[in-house]
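Below is one structure, written out as structure tokens; comments come after it.
The values are calculated or read from the model by the stated rules, or taken from the named source; none is laboratory data. Every value quoted in this text rests on a predicted model; they were computed, and no experiment measured them. Cβ placement follows ideal geometry from the backbone for every residue including glycine, while neighbour counts extend to all protein chains displayed. Just the protein is used for accessible areas: all its heavy atoms, side chains included, with ligands, DNA and RNA removed. Shrake-Rupley method; radii C 1.70, N 1.55, O 1.52, S 1.80 Å.
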Amino acid sequence: MHFKVRAAAKEDCKDISRMIMELAVYENMADQVKTSHEDLERDGFSPNPFYECLIAEVPDEHKTKDGYTVVGYALYFYTYSTWKGRSVYMEDLYVMPDFRGKGIGTGLMAKVAQVGVEKQCVRLQLSVLEWNKPSLDFYIAKGAEDLTAKEGWHFLRFHGQTLDTLAKEAPKD
């Protein structure tokens with residue numbers, strides 16, 4: 001199937017928001033999605049964006065039954081490793097179910113890798129839910145290393161009240 005991968009534009013944020021919710025439903029976490037398409041517009045298309053995004057588009061003759069031609073996305077941002085240097089972190093890679101197995105996910109991820117290499121990033125990192133074996137197998141087949149298994153890293157998070165409490169411990173100016 002023919003498809004095109006391109007940089008997302010502000011006008012794509014409603015489609016990206018729709019697919020974020022589809023991914024969250026698949027991951028049994030729909031109640032956790034708090035971002036709106038307006039948040040995506042503000043945070044990705046401001047003078048200092050917090051993320052970048054690629055979308056996969058199919059021609060009109062392959063659009064979904066609901067009329068969508070945007071059928072996948074990869075949302076990523078840059079981080080820095082004090083040991084290795086520049087890195088790119090892929091927050092989401094999603095392809096609508098009817099379009100899986102057609103090279104779209106590989107195309108999106110490969111384009112994120114290409115962008116990272118062009119920006120002299122030394123690695124592409126991502127997280128996968130423990131139970132999501134199809135995705136884990138996909139990434140491993142492409143050459144990803146499972147750092148939880150290999151090195152024992154844990155992915156930790158401060159959010160909500162714990163983030164606020166920690167912030168209050170910051171030294172006063």
Query raised in the report: With each run of n ≥ 4 DSSP H residues scored as -39500 (n - 2.57), what mean residue ellipticity at 222 nm is computed for the chain after dividing by its residue count and rounding to the nearest 500 deg cm²/dmol?
Result: -10000 deg cm²/dmol
Report task. Hand me the trypsin sites (Lys or Arg not before Pro) from region 1-65 located in a DSSP loop with no more than 15 other Cβ atoms within 10 Å, in residue order please. Result -> 34, 63, 65
Query raised in the report: Given DSSP loops and a limit of at most 12 other Cβ atoms within 10 Å, what is the longest stretch of the chain that contains no such chymotrypsin sites (Phe, Trp or Tyr not before Pro)?
Result: 1-49
Query raised in the report: Using 7 Å Cα-to-Cβ label points, what is the residue 62/residue 127 separation (nm, one decimal)?
Result: 3.2 nm
Requested in this report: Excluding residues on the same chain fewer than 8 positions from residue 10, give the lysines whose Cα lies under 28 Å from its Cα.
Outcome: 34, 63, 65, 102, 111, 119
Report task. Please work out how much accessible surface residue 21 shows to a 1.4 Å probe, ignoring ligands, DNA and RNA, in Å² rounded to 10. Result -> 70 Å²
**Report entry** In region 100-173, GluC sites (Glu not before Pro) in a DSSP loop with at most 10 other beta-carbon atoms within 10 Å
**Finding:** 130, 169
Requested in this report: Would you mind classifying the chain by shape? Square roots of the alpha carbon gyration tensor eigenvalues, ordered a ≥ b ≥ c; an a/c under 1.5 is rounded, otherwise it is prolate if a/b is larger than b/c and oblate if not.
Outcome: prolate
Report task. Using only alpha carbon pairs under 8 Å that are at least six residues apart, calculate the relative contact order of the chain and give it in whole percent. Result -> 16 percent
